[in-house]
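Reading through the structure tokens given below for one structure.
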Amino acid sequence: MATKRNHSTKWIILSLLLLTTTFSNSTKLKTTPSPLSDPTSLLAFKSKADINNHLNFTTKTPFCNWQGVECNGPKVVRLVLRSLDLGGVFASHTLSLLDQLRVLSLQNNSLTGAIPDLSGLFNLKTLFLDNNHFTGSLPLSLFTLHRLKTIDFSHNNLSGDIPIDFINLDRLYYLRLSFNAFNGTIPPFNQSSLRTFDVSGNNLSGAVPLTTTLSRFQPSSFALNPNLCGEIIRRECRPTTPFFAPTSPPTVGIGQSADVHGLIRQPYEKKHNRKAAIIGFSTGIVFLILSLTCFAVAVKKQRKKKGKGSSGSSVMASDAAATAEAAVVMQMEQERELEEKVKRAQVAKSGSLIFCAGESQVYTLDQLMKGSAELLGRGCLGTTYKAVLDNRLIVTVKRFDCGKMGGHVSKEVFERHMESVGGLRHPNLVPLRAYFQANHERLIIYDYQPNGSLFSLIHGSRSSRARPLHWTSCLKIAEDVAQGLSYIHQAWRLVHGNLKSTNVLLGPDFEACVTDYCLSVLTNPSTFDEVGDSAPYRAPETRTPNHQPTPKSDVYAYGILLLELLTGKYASELPFMVPGDMSKWVRSIRDDNGSEDNRMDMLLQVATTCSLISPEQRPTMWQVLKMLQEIKEIVLLEDSEVDVRSSNVVAMS
């Protein structure tokens, strides 16, 4: 009996052990994370990123048919979720688990937080995260993705150094890190494959490495980094100043800015300084008068103590009168001197060149007036000259026709507006360097652009008829102009008001730069009615008396400019057509091949959308810029696919 009880007890204990082991194993199986499937990864991303519920991800339809998703078999290879107002975070262990993903684009949203670990995307070739609100430094996992060709992190709030690991991405073709808060130095990029590069608008410092690759890019790729220097950006690297060295104002060249951030200067800074000087000077005069008065009183008391005779009284009275008279004379002289200083300050303010954006005086009015002048043209604002100064510096001078200015444009209004517009600094805007006004004379001075206007590039000389530009040139120029206008509209809430092909100039590297911006408010609205070359660019809503230009009227003018660029026709020759007919007409006057017709059509669609009659139906300039960047991305992807197919054919042969 005891033996049976013992066997029974052992069996129960053994059963319990088996159950415990089984339960333990099953618990381990449940808690071990299994790899997420592609649709689960997409849903996990949506739950964190799509707080506004704009993504149409539903289990009622196959996930390969979801918005922005493209599959190859059961795997996601392309995910493009642009401009969908995604306002959450790009959470870890979501999209980074799509191991067959080739293209990821989340551009033009409002995603926040850090960029997550991307090491799981080992097949990724194209990554667009630009125009969001990402913060923090770049994840080092990025540099394990050796198939990456295209990277765009521009227009975020990223910070830290630009990792030197970038130089190990030997297939890199396109890199934009502009308009973030990166600091430190630029790595020595030397990939022969790199064709697009932009680190402008950061806090980078030191010399730009003089590599073969970086030497190919124009200075605008490095612009708005005030502490960068080197041969590539044509700025001398100077040694660090010793602590006890005498300080002196920095010498600033015509192509540089003394402002630390290069964009914004406190308005009326000079005026505040002048007022402070006058107040200080006046205070000194008052103090001097009080001191003299106290001195006279002290002398009077001292002489009273020494003697109270009649002769002493008369001498004392005489001395006191002389002292008081001397004080009054000195006060009058000091006041006269103060008045003269104020007058000299006013004359200097209205009778000399005023340099914008905190820049130091590079040349004087006298040097400007003595320089040789060449007439460049006459427009609705005035006459434009090319001036060569005695130091061989070349500038563009626009002399306003004051008869065309409204009566409301006083000296103070003109000064305030010039200080505002003179603060604009962007690679695609011709910098306004200085202005002058005295009596009825008003001048503004720009950097001289050596390669003429877009009008001349499109239409050629009178003796030769230019052919329409190649669509790649059209795309580049269109993006440059859109960058400049978008900056004016978004960063400064201003309006160009007179956009046309003659007001787009070509810089030293043939970059398109907008000029004559934000000046239309200084002229009578009827001025533009009198000038024929501006009329075709005017939006319908601004053709009424006393019209005011708006950002949407700038967009209309941009649409006409783009049509002029695509067709090679004068703006006044462009017919009004429905989009389908316009496409056929444009194709009939161009000689693009079939594949380029489609690319040209994309640009044409942007142009026709911008030039719609209703301003409400036109996009903003920022949206136009995004459209052009999407076209460029599509072209890059198509070209990379062609390269892959070509390499496969070569390998097979």
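Contact map, segment 583-595: first residue closer than 19 Å to residue 635 by Cα, second residue modelled with pLDDT of 80 or more and buried (at least 16 other Cβ atoms within 10 Å of the Cβ), Cβ cut-off under 7 Å, separation 6 or more or different chains; pairs are 592/471; 592/600. Of the numbered conditions (1) assigned by TED's automatic domain parsing to the domain that holds residue 409; (2) under 29 Å from residue 224 (Cα atoms), residue 379 fails exactly one; give the number of that condition. Checking residue 379 against (1) assigned by TED's automatic domain parsing to the domain that holds residue 409; (2) under 29 Å from residue 224 (Cα atoms), the one that fails is (2). Residues of segment 604-625 being surrounded by fewer than 20 Cβ atoms within 10 Å (Cβ to Cβ) and within 24 Å of residue 105 (Cβ to Cβ), which ones? Result: 605, 609, 619, 620, 622, 623. Within segment 103-131, the only residue that satisfies the criterion of being touching a helix residue (DSSP H, G or I) at 6+ places or on another chain (Cβ under 7 Å) and among the acidic types (Asp, Glu) is 117. Of the residues making up segment 48-82, those that are farther than 17 Å from residue 101 by Cβ and either of a type in the set (Lys, Arg) or surrounded by 14 or more Cβ atoms within 10 Å (Cβ to Cβ) (or both) are 48, 50, 51, 54, 60. Scanning segment 83-102 for residues that are out of contact with any helix residue (DSSP H, G or I) (no Cβ under 7 Å at 6 or more places or on another chain) and more than 17 Å from residue 53 (Cβ to Cβ) returns 92, 93, 96, 99, 100, 101, 102. Report yes if residue 509 is charged (D, E, K, R), surrounded by fewer than 21 Cβ atoms within 10 Å (Cβ to Cβ), out of contact with any Leu (no Cβ under 8 Å at 6 or more places or on another chain) and not in a strand (DSSP E or B), otherwise no. When the stated conditions are applied, residue 509 passes them. Against the conditions (1) surrounded by 21 or more Cβ atoms within 10 Å (Cβ to Cβ); (2) out of contact with any Lys or Arg (no Cβ under 6 Å at 6 or more places or on another chain); (3) under 23 Å from residue 89 (Cα atoms), residue 152 satisfies every one except (2).
Screening segment 445-465 for residues that are in a strand (DSSP E or B) and touching a residue at least 60 places away in the same chain (Cβ under 8 Å) and picking the one that is nearest to residue 198 (Cα to Cα) gives 447. Can you find even one residue in segment 129-136 that is of a type in the set (Asp, Glu) and more than 23 Å from the chain's Cα centre (by Cα)? No, every residue in segment 129-136 fails to be of a type in the set (Asp, Glu) and more than 23 Å from the chain's Cα centre (by Cα). Is there a residue being surrounded by 17 or more Cβ atoms within 10 Å (Cβ to Cβ) and among the hydroxyl-bearing types (Ser, Thr, Tyr) anywhere in segment 586-594? Scanning segment 586-594, I find no residue that is surrounded by 17 or more Cβ atoms within 10 Å (Cβ to Cβ) and among the hydroxyl-bearing types (Ser, Thr, Tyr), so the answer is no.
Mind checking which residues of segment 204-213 are assigned to a strand (DSSP E or B) and either touching a residue at least 60 places away in the same chain (Cβ under 8 Å) or more than 15 Å from residue 176 (Cα to Cα) (or both)? 205, 206, 207, listed by residue number. Determine which single condition residue 393 fails, assuming it passes every other condition in (1) under 30 Å from residue 476 (Cα atoms); (2) in contact (Cβ under 8 Å) with a residue 40 or more places away in the chain; (3) in the same structural domain as residue 508 (by TED's automatic domain parsing); (4) crowded, with 18+ Cβ neighbours inside 10 Å. The single condition residue 393 does not satisfy is (4).
Quick check: anything in segment 556-571 more than 23 Å from residue 484 (Cα to Cα) and either crowded, with 22+ Cβ neighbours inside 10 Å or outside the structural domain of residue 107 (by TED's automatic domain parsing) (or both)? Within segment 556-571 (the criterion being more than 23 Å from residue 484 (Cα to Cα) and either crowded, with 22+ Cβ neighbours inside 10 Å or outside the structural domain of residue 107 (by TED's automatic domain parsing) (or both)), the answer is yes, since at least one residue qualifies. Within segment 485-499, being without any contact (Cβ under 8 Å) to a residue 60 or more places away in the chain and in contact with a His (Cβ under 6 Å, 6 or more places away or on another chain) holds for no residue. A residue that is in contact with a Phe, Trp or Tyr (Cβ under 8 Å, 6 or more places away or on another chain), assigned to a loop (DSSP other than H, G, I, E, B), aliphatic (A, V, I, L, M) and more than 16 Å from residue 426 (Cα to Cα) occurs somewhere in segment 493-503. Restricted to segment 524-635, the set of helices (runs of 4 or more DSSP H) holding at least 1 residues that are more than 31 Å from the chain's Cα centre (by Cα) and modelled with pLDDT under 90 comprises 579-589, 594-610.
Only one of these is closer than 30 Å to residue 202 by Cβ and either modelled with pLDDT under 85 or in contact with a Gly (Cβ under 6 Å, 6 or more places away or on another chain) (or both): 465, 425. Name it. Can you show your working first?
Working: 465 fails: closer than 30 Å to residue 202 by Cβ.
From the options 465, 425, the qualifying one is 425.
If you take just the strands (runs of 3 or more DSSP E) that sit entirely in segment 106-181, which of them hold at least 1 residues that are outside the structural domain of residue 219 (by TED's automatic domain parsing) and of a type in the set (Ser, Thr, Tyr)?
Values: elements: 112-114, 126-128, 133-136, 150-152, 157-161, 174-176.
Passing ranges: none, list empty.
If the condition is being buried (at least 18 other Cβ atoms within 10 Å of the Cβ) and farther than 16 Å from residue 155 by Cβ, then segment 93-115 contributes 94, 95, 96, 97, 98, 101, 102, 103, 104. The conditions of being crowded, with 21+ Cβ neighbours inside 10 Å and farther than 17 Å from residue 79 by Cβ are not met by residue 124.
The values are calculated or read from the model by the stated rules, or taken from the named source; none is laboratory data. Here the structure is a predicted model, which means the values were calculated and not measured. Cβ coordinates were reconstructed from backbone atoms using ideal geometry, including for glycine residues, and neighbour counts include every protein chain displayed.
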